[in-house]
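Please read the structure below before turning to the comments.
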Amino acid sequence: MLPQLLLKSNKPVGLHINILILALLMCFFSMVPLYSQESQSIVALETNVNPVPEGDAIIALKVNGKKYGDVDAKIDMDDPFIKVSVLKEALSPSLSPDQKERIFSIILSKLEWAGIADLAAAGIQGTWDMETLSYSVVTPGEYTSLREIDFTPEIAFQDTKWLDPAPVAGVINFNVNGAFNLNSSGLTAPVTVSADSLLDLYSVAIEAHGSMVYTAPSLTWSFNNTRAVYDFPSIEGRLFVGMISGEGLSYQSRPEIYGVSLHNVDDFSRYSMKYSPSVAFTLQNPSSVRFLINGQVIRTLKLDRGNYRIYDLPFAYGLNNMEIEVEEGKNPDGSILYKPVSKYITTETGLLVGGQMDYGFSAGIGRSELDQPIVSGYFRYGLTSSLTVGANLEADRRSLLAGATMVAGTSIGGFILNAASLVAWDDRTDPFAFATDLEYHLAVPGDSRMPGVGFTVGYASSGFTVPQPYSTVADPEPFFKTTLSIGGSISKIMSYGLAGSWNRTLTDTPLDSGIVSLNLGFAANKNVSFSMSSGLEMATDDSPAFTATFALRVSDPAKPSRQIGMTQTADGENTITYNDQFPNSSGIGYGITAANIFGGVSDPSSVSFNSGFTTQYFSFSGNAGVSYGSSLTSPNGLVNLNVASALAFAGSSFAISKPLYDSFIIFAPDKSTENMTVAFAIDQGTKLISHGAPVAAPFSSYHKARASMDFPEAAADVVATLPQIALSSKYRSGFLFKGGLQKYLYAQGRLVDKAGAPIPLMAGDVLKADGTLVSQTFTDDSGTFQIYELTEGEYKIAWPDSIGISIIKLSDNGTDLVELGDIKATPTNSDAAAASTSIPATEGSPANANQQPGEDG
């Protein structure tokens, strides 16, 4: 049976949905009586459809092809009756709560026994085999509860230990750049030092950036940005206070201001399935289901009967051909036969899932003119998953801008419409103005022969200038603009792109300008490619200007990092580049660039060399070159060096690291590690090596990860005190992970009863104090047992209930072996405390086998 499809996605489903919604709204009142009538049709059966027979028998019951068991029944030749209470128990796992309520609390609620006809009234099929006394009941697939499957599921974290962010953490990223320029005029050596910093105080992030430039004998500095950031997950919002950018979309100006802003961010919904594309379908039988997107099989799943919704499908930009293929049996050759159901999903930038909102608000004063206030805000909402609408406002002390936006995804492409009107009260020439633009996009990623098309058209009336925090107001002329672009593949080795734009200023004497460009690309294979781009610029009263650039790239098939490239322009400028890696250098690369060395151009010629590398403590890059030519008074030599590093802290620990621009963690080994090599990692990534000093590593905000530590050069009996721990970061959080080493201990003892007699051949589970199972042990014929790979601490040995529980405490006595001596167990049903053994630090000291709780060892 074909799957019943219901599509819901932040990628549009098609124009027909919007038409359908309009029709539903128009028919709403006429549908209400129909719905009421349908609801009233679900009534309880007053009596059985067929009489309950007198014969008693025990029959085999199957539910959806699986054996349930033998049950009591009343039967005749053609119709078995089973107690409704038994049917409820048997069918409940296959029913959603709503269907269970509908069938057993309404339809069959007044019956004690139910036969085939009674089940049919509830939409359930029953099949009776008199010869084998077997009864098969089949529930429809749509009666099951919805099962949600994430196509790209996040790694499940079942960890019990989580590391909290440090209450106080921070980082300063330093960037030092030195430029040395030598020519006939002498040597100049300006040095630029820039720093951006983060201070995280109880989840409030304070960020700042500044720079200083020294060129003898002068020193200049600037302070570019300072702001406080705080997140509100309940409204999916992020608050900024300080030196910020104004919020806005479409025609809004988004200036740099001193003020406050709030907007929603994707970080909170990144792992929420309701904000991802989804496909819902129903299977009436266990089936193999294949998912094809743009002709490619991306996943095959074996699914049982029931209702399903698949999330986070990997759609591409444009009009996607999505197929669900459900197993329909087998071909004559034995291969599985699939029956496809196709749907088109249109994606477009700016679309929201139906019911999702997008918002932003800001207010403040201009940075250069403190007496110029400005306020702005916008709100967008997904009416459906294929239609998003929005409105925005912005005002300064002279004018008010009001606008509207719409994004639609249809089966013929995506549309974006923006419109805004302006009203001003400052005696300008045009107190009323407006602007509008329309964009159209078509891309079919599943068909390489279909070109991608983009078209825009826009108009702005005279005097349309958006609010700004400046006292000077521009008075622009009215204009009209349009652009068109077409691109795609001609063959497997050739692609093309054609674009053009035209602008007209609508004055008494119209002024026109336009650009036409053509791009061609050829890929002989994955190692050789050639491209050509050309353009023609035209403007009123100016001569047309033609440009053309040819580019060739070749890479070494045996070493893809080794590449050579060449570009040549129509006016004679040329550039040759060569990139490779130093041999035996762990991936350190270098590049050589030569410009205009062929002559024939007036611009200077130059040759330069660049390289760089990154360690866990800093990154370094540099380049050196010389330029020469008739246009220069003398050759110029230039050396540029750049070093970037960071100083991070969390709690009381500090670490030097390569720059950290997001959340970070400081790994701090304790004194027990001394100078031993300690390896730290996040999610089994690149390991950071420490010999006693703290080290830091970056990871993404609003991300779950596992931090781990080990000792790669230690003996086998040495382990970390905290081998791994889970962490979940907020906005630019700082974590401190402290850990050390401890030795594995080998414990040996003898289990005895109250009379001191050994208890042989008994198995026990070894658990930590928190109940975590760490090992298992058993006694031999003499009651002796051993436990391996334990660390210092208290453990519980859970013997069978007839024996009870023993409590042992281990401490390092200087040897690998800890002798427990004789230990007893307290039965689990006894009020007496468990016997306990404590091993003192003195080597070779025997345990007190008869020690009671509360006594010193």
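Being modelled with pLDDT of 90 or more and over 29 Å from residue 95 (Cα atoms) is true for just one of 374, 293, 298, 345. Which residue is that?
Details: 293 fails: modelled with pLDDT of 90 or more; 298 fails: modelled with pLDDT of 90 or more; 345 fails: modelled with pLDDT of 90 or more.
From the options 374, 293, 298, 345, the qualifying one is 374.
Looking at (1) more than 30 Å from residue 519 (Cβ to Cβ); (2) in contact with a Ser or Thr (Cβ under 9 Å, 6 or more places away or on another chain); (3) open to solvent by less than 40 Å² (accessible area, probe 1.4 Å); (4) not β-branched (Val, Ile, Thr), which is the one condition that is false for residue 638?
(3)
Just checking, how many residues over the range 731-752 are part of a loop (DSSP other than H, G, I, E, B), open to solvent by 10 Å² or more (accessible area, probe 1.4 Å) and modelled with pLDDT of 90 or more?
Selection size over the range 731-752: 2.
Can you name the residue in the range 700-713 that is more than 17 Å from residue 669 (Cα to Cα) and of a type in the set (S, T, N, Q) and is also surrounded by the most Cβ atoms within 10 Å (Cβ to Cβ) among such residues?
Among them, the one singled out is 701.
Mind checking which residues of the range 670-715 are touching a residue at least 40 places away in the same chain (Cβ under 8 Å) and small (Gly, Ala, Ser)?
Result: 672, 696, 697, 701, 707.
Within the range 588-605, is there a residue that is in contact with a Leu (Cβ under 9 Å, 6 or more places away or on another chain) and farther than 30 Å from residue 686 by Cα?
yes
Mind listing whichever residues of the range 305-328 are of a type in the set (D, E, K, R) and assigned to a strand (DSSP E or B)?
309, 323, 325, 327, 328
Please verify whether the range 714-729 includes one or more residues that are more than 27 Å from residue 796 (Cβ to Cβ), outside any loop (DSSP other than H, G, I, E, B) and open to solvent by less than 10 Å² (accessible area, probe 1.4 Å).
yes
Restricting to the range 449-463, name every residue that is open to solvent by 30 Å² or more (accessible area, probe 1.4 Å) and either of a type in the set (Gly, Ala, Ser) or over 17 Å from residue 518 (Cα atoms) (or both).
Passing the criteria: 449, 450, 456, 457, 459, 462.
For the range 540-567, give me the residue count where each residue is under 21 Å from residue 596 (Cβ atoms) and among the charged types (D, E, K, R).
1
Looking only at the range 762-777, count every residue that is at pLDDT 85 or above and open to solvent by 70 Å² or more (accessible area, probe 1.4 Å) and tell me the total. Can you show your working first?
Here is the first cut: in the range 762-777, the ones at pLDDT 85 or above are 762-768, 773-777.
With open to solvent by 70 Å² or more (accessible area, probe 1.4 Å) added as a condition, the list becomes 768, 773, 776.
Of the residues in the range 762-777, 3 are at pLDDT 85 or above and open to solvent by 70 Å² or more (accessible area, probe 1.4 Å).
Conditions: (1) of a type outside the set (A, V, I, L, M, F, W, C); (2) touching a helix residue (DSSP H, G or I) at 6+ places or on another chain (Cβ under 9 Å); (3) surrounded by 14 or more Cβ atoms within 10 Å (Cβ to Cβ). Residue 691 meets all but one. Number of the miss?
Of (1) of a type outside the set (A, V, I, L, M, F, W, C); (2) touching a helix residue (DSSP H, G or I) at 6+ places or on another chain (Cβ under 9 Å); (3) surrounded by 14 or more Cβ atoms within 10 Å (Cβ to Cβ), only one is false for residue 691: (3).
State which residue is least open to solvent (accessible area, probe 1.4 Å) when the search covers only the range 200-235 and only residues that are outside any strand (DSSP E or B) and of a type in the set (Gly, Ala, Ser).
203
Of everything in the range 91-106, what is open to solvent by less than 30 Å² (accessible area, probe 1.4 Å) and in contact with a strand residue (DSSP E or B) (Cβ under 9 Å, 6 or more places away or on another chain)? Give them in sequence order.
Hits for the range 91-106 are 91, 94, 96.
Answer yes if at least one residue in the range 594-602 is surrounded by 15 or more Cβ atoms within 10 Å (Cβ to Cβ) and assigned to a loop (DSSP other than H, G, I, E, B), and no otherwise.
There is at least one residue in the range 594-602 that is surrounded by 15 or more Cβ atoms within 10 Å (Cβ to Cβ) and assigned to a loop (DSSP other than H, G, I, E, B).
Within the range 789-826, restricting attention to residues that are of a type in the set (S, T, N, Q) and either farther than 23 Å from residue 742 by Cα or at pLDDT 85 or above (or both), which residue is least open to solvent (accessible area, probe 1.4 Å)?
Within the range 789-826, the first condition is being of a type in the set (S, T, N, Q), and the residues that meet it are 791, 802, 806, 811, 813, 815, 826.
Add one more test, that the residue is either farther than 23 Å from residue 742 by Cα or at pLDDT 85 or above (or both), and what stays is 802, 806, 826.
Numbers: 802: 97, 806: 1, 826: 17 Å².
Step by step, filter the range 789-826, then rank; the result is 806.
Could you please let me know if residue 515 is open to solvent by 50 Å² or more (accessible area, probe 1.4 Å), within 40 Å of the chain's Cα centre (by Cα) and free of Cβ contacts under 8 Å to residues at least 12 places away in the same chain?
Working: open to solvent by 50 Å² or more (accessible area, probe 1.4 Å): yes; within 40 Å of the chain's Cα centre (by Cα): yes; free of Cβ contacts under 8 Å to residues at least 12 places away in the same chain: no.
Taking the combined requirement at face value, the residue does not satisfy it.
Answer yes or no: is there a residue in the range 445-453 that is over 29 Å from residue 259 (Cβ atoms), of a type outside the set (D, E, K, R) and part of a strand (DSSP E or B).
Yes, the conditions are met somewhere in the range 445-453.
For the range 35-42, does any single residue satisfy the condition of being without any contact (Cβ under 8 Å) to a residue 60 or more places away in the chain, of a type in the set (Phe, Trp, Tyr) and under 22 Å from residue 142 (Cβ atoms)?
Of the residues in the range 35-42, the ones without any contact (Cβ under 8 Å) to a residue 60 or more places away in the chain are 35-41.
Then keep just the ones that are of a type in the set (Phe, Trp, Tyr); that gives 35.
So of that shortlist, the ones also under 22 Å from residue 142 (Cβ atoms) come out as 35.
Scanning the range 35-42 turns up at least one residue that is without any contact (Cβ under 8 Å) to a residue 60 or more places away in the chain, of a type in the set (Phe, Trp, Tyr) and under 22 Å from residue 142 (Cβ atoms).
Counting only residues that are closer than 30 Å to residue 429 by Cα, open to solvent by 50 Å² or more (accessible area, probe 1.4 Å) and part of a strand (DSSP E or B), how many does the range 484-512 have?
4
Condition check ((1) touching a His at 6+ places or on another chain (Cβ under 7 Å); (2) open to solvent by 30 Å² or more (accessible area, probe 1.4 Å); (3) closer than 10 Å to residue 257 by Cβ) across all residues:
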position	(1), (2), (3)
347	no, no, no
356	no, no, no
360	yes, no, no
366	no, no, yes
372	no, no, yes
381	no, yes, no
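Could you list, in sequence order, all residues of the range 645-687 that are open to solvent by less than 20 Å² (accessible area, probe 1.4 Å) and aliphatic (A, V, I, L, M)?
646, 648, 650, 655, 660, 665, 666, 668, 678, 679, 681
For the range 782-816, name all the residues that are over 17 Å from residue 771 (Cα atoms) and among the polar types (S, T, N, Q).
Once the filter is applied, which keeps residues that are over 17 Å from residue 771 (Cα atoms) and among the polar types (S, T, N, Q), the range 782-816 yields 782, 784, 786, 802, 811, 813, 815.
Considering (1) under 21 Å from residue 488 (Cα atoms); (2) modelled with pLDDT under 95; (3) open to solvent by less than 80 Å² (accessible area, probe 1.4 Å), say which one residue 526 fails and leave the rest.
Answer for residue 526: the failing condition is (3).
Which ones in the range 398-411 are out of contact with any Pro (no Cβ under 6 Å at 6 or more places or on another chain) and either without any contact (Cβ under 8 Å) to a residue 12 or more places away in the chain or of a type outside the set (Ser, Thr, Tyr) (or both)?
Selection gives 398, 400, 402, 403, 404, 406, 407, 408.
Looking at residue 119, is it free of Cβ contacts under 8 Å to residues at least 60 places away in the same chain, closer than 21 Å to residue 285 by Cβ and under 43 Å from the mean Cα position of the chain (by Cα)?
no
Do you know which residues across the range 154-176 are open to solvent by less than 70 Å² (accessible area, probe 1.4 Å) and in contact with a Ser or Thr (Cβ under 6 Å, 6 or more places away or on another chain)?
Scanning the range 154-176 gives 165, 172, 175.
Of all residues in the range 580-593, which are at pLDDT 95 or above and open to solvent by 50 Å² or more (accessible area, probe 1.4 Å)?
Correct list: 592 only.
The values are calculated or read from the model by the stated rules, or taken from the named source; none is laboratory data. Small disclaimer: the values here were computed from a predicted structure and weren't measured. When we count neighbours, we look across all protein chains shown, and the Cβ atoms used for this are built from the backbone with ideal geometry, even at glycine. To get the accessible areas, we keep the full protein, side chains included, count just its heavy atoms, and leave off ligands, DNA and RNA. Shrake-Rupley method; radii C 1.70, N 1.55, O 1.52, S 1.80 Å.
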